[in-house]
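Notes follow the structure.
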Amino acid sequence: MKSSFRLSGCVLAALLALGGAAAQAADKVAVQLKWVPQAQFAGYYVAQAKGFYKEAGLDVTIKPGGPDISPVQVIAGKSADAIVNWMPDALAAREAGVPLVNIAQVFDRSGLMLTCKKASGVSSPKDLKGKTLGVWYGGNEYPFLNWMAKLGYKTDSDIKILKQGFNVDPLLQNQAACISTMIYNEYWQVVDAGVKESDLVTFFYEDQGVASLEDGLYVLESSLKDKAFVAKMGKFLKATFKGWNEAVKNPEEAAKIVVAQDSSGSATVAVQKRQMENVAKLITKAGTDKIGYLDPAAYERTVKVLLNGGSSPVIKKDPGKAAYSHVVWEAAQH
């Protein structure tokens, strides 16, 4: 009896050692999101919930964002391996001394637009003159400023800018003729508040030729010199792309996964499903082997928009090709 017990003990010890080795083998990755849990980030949550990260040998921590969280500060403080950020903010941070590099661009279309009430007399861009327009700041204002410069409108005299919070109140309360909205979020808040879609007119920045790239994944330039980091993040991208493809294919399942991550309890499956369906329109390469690939022409177009921001350009010089890298995306293809 004793010897068999000892054998069992040895077997148990061996199994525990194996388990420990497996646990050690999981590479840790922390990704900082730009905002609170919602379908805008469904691909990450789906990859986590469906075990894609685990299968890739990764232990991934998804850090939600919020109004008081700057993804740039988080990665600068080495509290994340990668961040989800919009390119204007990332390139401005790079110029200011935080050397961010884009390693993947899942959203290849912009969801940002100006939403106006027809009753305010706006039906085309020429009607914007003399109007009060709600604009998000904190890095989100640059496409708007570029558009105004393109239209030849002075932002201190031809129009009145209302610095808009992340809500739709200025339009609902008629404090502004138009406000900033995302196709997958605030636009629908206006509709849910009782405004008919037929009473609204929208101007997509994509259609106005002033769109900049939105949700991309960024890492610190120094990290890319580490081959182990590149290999680890290649696995992370591959699993993430799988998550996004699933989310686009199954918006309701993705919505349920996202709602489970919302600790505030305010998210609903119906709203998140609708958000996911609209997010899917911005991921035109979903289901193809080009998902997440940053198109250099789209990058250059964004840089041009940011350099031409009228009197206050986002960046003063072209960062060139150093601000993006396909090395991790290529590692994800294996």
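The values are calculated or read from the model by the stated rules, or taken from the named source; none is laboratory data. The structure presented is a predicted model; accordingly, all values stated were derived computationally and were not measured. Note that we place each Cβ from the backbone using ideal geometry, even for glycine, and neighbour counts take in every protein chain shown. Side chains are part of the model used for accessible areas, which takes the heavy atoms of the whole protein and leaves out ligands, DNA and RNA. Shrake-Rupley method; radii C 1.70, N 1.55, O 1.52, S 1.80 Å.
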Considering only protein heavy atoms, what is the solvent-accessible area of residue 44 at a probe of 1.4 Å, reported in Å² to the nearest 10?
-> 10 Å²
The FRET efficiency for residue 61 and residue 98, from their Cβ-Cβ distance with R0 = 25 Å and rounded to 0.05, is 0.75
Compare the Cα positions of 77, 116, 98 along the charge dipole of the range 65-221 (+1 at Cβ of Lys, Arg; -1 at Cβ of Asp, Glu; about the Cα centre) and return the one farthest towards the positive end.
-> 116
Taking 142, 218 and ranking on accessible area (1.4 Å, protein atoms only), highest first, one gets 142, 218
Within the range 235-264, which residues have the backbone N less than 16 Å from the label spot 7 Å out from residue 330 along Cα→beta-carbon, could you tell me?
-> 235
Sorted by accessible area (1.4 Å probe), largest first, how do 188, 147 line up?
-> 188, 147
Under the 7 Å Cα-to-Cβ spin-label approximation, residue 321 and residue 304 lie apart by a distance in nanometres of 1.9 nm
Tilt, helix 251-261 to longest principal axis of the chain (alpha-carbon atoms), in degrees rounded to tens, equals 80 degrees
Looking only at 65, 320, 209, which one moves most when the chain is put into a Gaussian network model with springs between Cα atoms under 10 Å?
-> 320
Solvent-free Debye scattering, log10 I(q)/I(0), computed from the Cα coordinates of the chain at q = 0.10, 0.12 Å⁻¹ = -0.62, -0.86
Provide 334, 326 ordered by accessible surface of protein heavy atoms (probe 1.4 Å), highest first.
-> 334, 326
Between residue 174 and residue 154, the two model label points (7 Å from Cα along the beta-carbon direction) sit apart by a distance in nm of 3.0 nm
Roughly how many Å² of residue 35 are accessible to a 1.4 Å probe, to the nearest 10?
-> 70 Å²
Those trypsin sites (Lys or Arg not before Pro) from the range 96-205 that are DSSP loop and have at most 10 other Cβ neighbours within 10 Å turn out to be 196
With eigenvalues of the C-alpha gyration tensor scaled by 5 and rooted, the range 204-266, Å = 27, 22, 13
Quote the accessible area belonging to residue 230 in square angstrom, nearest 10, computed with a 1.4 Å probe and with ligands, DNA and RNA left uncounted.
-> 20 Å²
Which FRET efficiency, nearest 0.05, do residue 69 and residue 269 yield, Cβ-Cβ r, R0 30 Å?
-> 0.75
Phi to ³J(HN,Hα) by Karplus 6.51 cos²θ - 1.76 cosθ + 1.60 over the range 40-55, Hz, x for Gly, Pro = 3, 10, 3, x, 5, 5, 5, 4, 5, 5, 8, x, 5, 5, 4, 4
Around residue 199, what is the net charge, scoring Lys/Arg as +1 and Asp/Glu as -1 over all other residues with Cβ under 10 Å from its Cβ?
-> +2
If contacts are Cα pairs under 8 angstrom and at least 6 residues apart, what is the relative contact order of the range 256-331 in percent?
-> 17 percent
